[in-house]
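Undergrad: Have a look at the structure that comes next, please.
The values are calculated or read from the model by the stated rules, or taken from the named source; none is laboratory data. Computed from a predicted structure; not experimentally measured. Here the Cβ positions follow ideal geometry from the backbone for every residue, glycine too, while neighbour counts run over all protein chains shown. Heads up: the accessible areas ignore ligands, DNA and RNA and are worked out on the full protein's heavy atoms, side chains in. Shrake-Rupley method; radii C 1.70, N 1.55, O 1.52, S 1.80 Å.
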Amino acid sequence: GAARVGLGVTTAGATLLGPGLARSGGEGTVSLESSVHAGMGVLGGLLAGAGFAVEYAANVDSLVWGKLVANTAINPLTALLRVPNGALLEWPAARALLAELAAETAAVAKALGVELPYADPLAFVEHVARQTAANRSSMLQDVERGRPTEIDAICGAVTRLGETTGVPTPANRIVAQLVGALSSTIT
């Protein structure tokens, strides 16, 4: 029930090596909703004790959208290009797509009245890509394992929300279709 559920976001990356075994893909922060219930403090204490950087935030929706901007920009491109996060910053064409995806998602957030936790979406996405340069995104890992991806819940959701708010999202639509096509060919 509601007394046992809260919202949180992490920017830490990890690569699944096997059941119960993961390798860190870069430093990140775990942000937990501060005003839900005491259990969030307990969870935060456990995470901090395990070595995670933990912070509490009053407006976690802003952080969720902030992370969504990074996920729409990084995850589908790493899956399509089959590269770790940092490689996206090395190629001008990939960086240009990264910028378009981030800008579209930020525009949808703005149309919904969501204030992002940073002023420059592209600078944030590039920072995340640098901080997790060696990480192979979860979407890339899913494609490599022949598993379903979260593309519909990431770029697909931005596209649907763009339609309802009148914000064009052509880059999100195209990468959602490409990752969807790629995922359907891996069986």
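Undergrad: Hey, any hits in the range 114-124 for a residue that's surrounded by fewer than 18 Cβ atoms within 10 Å (Cβ to Cβ), small (Gly, Ala, Ser) and at pLDDT 95 or above?
TA: yes
Undergrad: Still on this model: For the range 21-52, enumerate the residues that are in a helix (DSSP H, G or I), of a type in the set (A, V, I, L, M, F, W, C) and over 12 Å from Leu7 (Cβ atoms).
TA: Taking the range 21-52 and keeping what is in a helix (DSSP H, G or I), we get 38-49.
Subset that is of a type in the set (A, V, I, L, M, F, W, C): 38, 40, 42-43, 46-48.
Matches in the range 21-52: Ala38, Val42, Leu46, Leu47, Ala48.
Undergrad: Here is a further query. Looking only at the range 148-187, which residues are in contact (Cβ under 8 Å) with a residue 40 or more places away in the chain, crowded, with 20+ Cβ neighbours inside 10 Å and either in a helix (DSSP H, G or I) or not hydrophobic (A, V, I, L, M, F, W, C) (or both)?
TA: Thr149, Ile151, Cys155, Val158, Gly162, Thr169, Ala171, Asn172, Val175, Ala176, Val179
Undergrad: Looking for whichever is open to solvent by less than 30 Å² (accessible area, probe 1.4 Å) and closer than 10 Å to Thr10 by Cα here; the options are Val64, Val60, Val30, Val54. Which one fits?
TA: Working: Val64 fails: open to solvent by less than 30 Å² (accessible area, probe 1.4 Å); Val60 fails: closer than 10 Å to Thr10 by Cα; Val54 fails: open to solvent by less than 30 Å² (accessible area, probe 1.4 Å).
Step by step, each of Val64, Val60, Val30, Val54 is checked, and only Val30 is open to solvent by less than 30 Å² (accessible area, probe 1.4 Å) and closer than 10 Å to Thr10 by Cα.
Undergrad: Next question, about the same structure. Every residue in the range 104-147 that is within 16 Å of Leu63 (Cβ to Cβ), in contact with a strand residue (DSSP E or B) (Cβ under 9 Å, 6 or more places away or on another chain) and in a loop (DSSP other than H, G, I, E, B), please.
TA: Listed by number, the list holds a single entry, Pro117.
Undergrad: Let me ask something else. Condition check: among the β-branched types (Val, Ile, Thr), within 30 Å of Val179 (Cβ to Cβ) and part of a helix (DSSP H, G or I). Does Thr72 satisfy that? Steps first, answer last, please.
TA: Values: among the β-branched types (Val, Ile, Thr): yes; within 30 Å of Val179 (Cβ to Cβ): yes; part of a helix (DSSP H, G or I): yes.
Taking the combined requirement at face value, the residue satisfies it.
Undergrad: So Glu90 ticks every box in (1) open to solvent by 20 Å² or more (accessible area, probe 1.4 Å); (2) under 16 Å from Ser137 (Cβ atoms); (3) within 18 Å of the chain's Cα centre (by Cα) but one. Which box is left unticked?
TA: Among (1) open to solvent by 20 Å² or more (accessible area, probe 1.4 Å); (2) under 16 Å from Ser137 (Cβ atoms); (3) within 18 Å of the chain's Cα centre (by Cα), the lone unmet condition for Glu90 is (3).
Undergrad: Another question about this same structure. Would you point out which residue out of Arg95, Arg82 is at positive phi and at pLDDT 90 or above?
TA: Going through Arg95, Arg82 in turn, just one is at positive phi and at pLDDT 90 or above: Arg82.
Undergrad: State yes or no: is Val143 closer than 24 Å to Gly113 by Cα and surrounded by 14 or more Cβ atoms within 10 Å (Cβ to Cβ)? Write out each step before concluding.
TA: On the way: closer than 24 Å to Gly113 by Cα: no; surrounded by 14 or more Cβ atoms within 10 Å (Cβ to Cβ): yes.
So Val143 does not fit the description; no.
Undergrad: Can you run down the residue pairs with Cβ atoms below 8 Å, 6 or more apart or on separate chains, where the first is in the range 22-45 and touching a residue at least 60 places away in the same chain (Cβ under 8 Å) and over 23 Å from Ala70 (Cβ atoms) and the partner is open to solvent by 20 Å² or more (accessible area, probe 1.4 Å) and assigned to a helix (DSSP H, G or I)?
TA: none
Undergrad: Name the residue, out of Arg130, Arg82, Arg136, that is touching a residue at least 40 places away in the same chain (Cβ under 8 Å), buried (at least 19 other Cβ atoms within 10 Å of the Cβ) and basic (Lys, Arg).
TA: Arg136
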